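Structure first, then comments.
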Amino acid sequence: MRDVSEALRVFVVPPGSALTAEQRAGAVCIWCPRALGDEEGVDLGGTGDWRPRACPPCYEVQRRTLASYVDWHEHGLTCPHCPLRPCDRGRALGAERLAARERAGKPALSCAHCRTTPAPGEQVRPHLWNGVSGPVFSYVHARVCPVRASHPL
């Protein structure tokens, strides 16, 4: 699996305003309540009072979640089949991504276009776009969104 450690630090670490003083100081994991000793945890960078760290299990879950999205997205950029009907590899990468999201306790997917939650078995694909504060790792239906299909403009 690819190295996404820098992207994890930049795009997945919660903002300081969402963390406790102990989490900002690196005394507690940023993703769970586990206390971290001086030599424990994964250093997520920072200076001064901003020294976030993660316990190894949380770091690995978050790393796998981001890496699985990037792998799936990059596959879809080069695969001629995936934009409309995911190929076998695209379906496998998507399933890996959804399993990683579940392990990370992420909320259910919703389509960035129609804002609905895909039905079980409904094909989705990654949709990476630039938001106001950085990239947004989102999803869209692999075909026409059901809401848009039933309510054309």
Worksheet item: Here are some conditions: (1) at pLDDT 90 or above; (2) open to solvent by 60 Å² or more (accessible area, probe 1.4 Å); (3) outside any loop (DSSP other than H, G, I, E, B). Gly90 meets all but one. Which one does it not meet?
Response: (2)
Item to complete: Output the number of the condition that Glu122 fails; it satisfies all remaining conditions of (1) within 20 Å of Phe11 (Cα to Cα); (2) of a type in the set (D, E, K, R); (3) open to solvent by less than 70 Å² (accessible area, probe 1.4 Å).
Response: (1)
Fill in: Evaluation of Pro56 against (1) within 30 Å of Arg85 (Cα to Cα); (2) surrounded by fewer than 20 Cβ atoms within 10 Å (Cβ to Cβ); (3) of a type outside the set (A, V, I, L, M, F, W, C) (one fails), failing number
(1)
Worksheet item: Within the stretch 145-153, is there a residue that is of a type in the set (Lys, Arg) and within 29 Å of Glu6 (Cα to Cα)?
Response: no
Practice prompt. Report yes if Pro33 is without any contact (Cβ under 8 Å) to a residue 60 or more places away in the chain, over 30 Å from Pro120 (Cβ atoms), within 22 Å of the chain's Cα centre (by Cα) and assigned to a loop (DSSP other than H, G, I, E, B), otherwise no.
Written response: yes
Discussion item. Of the conditions (1) at pLDDT 90 or above; (2) closer than 17 Å to Trp129 by Cβ; (3) outside any helix (DSSP H, G or I), His73 satisfies every one except a single condition; which number is it?
Written reply: (3)
Worksheet item: Quick one: Gln23 ticks every box in (1) at pLDDT below 90; (2) in a helix (DSSP H, G or I); (3) of a type outside the set (A, V, I, L, M) bar one, so which box is it?
Response: (1)
Discussion item. Condition first: aliphatic (A, V, I, L, M) and either touching a helix residue (DSSP H, G or I) at 6+ places or on another chain (Cβ under 8 Å) or crowded, with 16+ Cβ neighbours inside 10 Å (or both). Now tell me which residues in the stretch 9-24 satisfy that.
Written reply: Val12, Val13, Leu19
Discussion item. Conditions first: (1) in a helix (DSSP H, G or I); (2) open to solvent by 40 Å² or more (accessible area, probe 1.4 Å). Arg115 passes all but one, so which condition is the exception?
Written reply: (1)
Response to the item:
Given the conditions (1) out of contact with any Cys (no Cβ under 9 Å at 6 or more places or on another chain); (2) open to solvent by 20 Å² or more (accessible area, probe 1.4 Å); (3) outside any loop (DSSP other than H, G, I, E, B), every one holds for Lys106 apart from (3)
Worksheet item: Among Leu98, Leu93, Leu109, which is more than 11 Å from the chain's Cα centre (by Cα) and farther than 17 Å from Ala7 by Cα?
Response: Leu93
Worksheet entry | Odd one out for Arg64, checked against (1) among the charged types (D, E, K, R); (2) part of a loop (DSSP other than H, G, I, E, B); (3) touching a residue at least 60 places away in the same chain (Cβ under 8 Å) | (2)
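The values are calculated or read from the model by the stated rules, or taken from the named source; none is laboratory data. Worth saying up front: this structure is predicted, and the values here are computed from it rather than measured. A quick note on method: Cβ atoms are made from the backbone with ideal geometry, for glycine too, and the neighbour counts reach across all protein chains shown. For accessibility, only protein heavy atoms count, side chains too; no ligands or nucleic acids. Shrake-Rupley method; radii C 1.70, N 1.55, O 1.52, S 1.80 Å.
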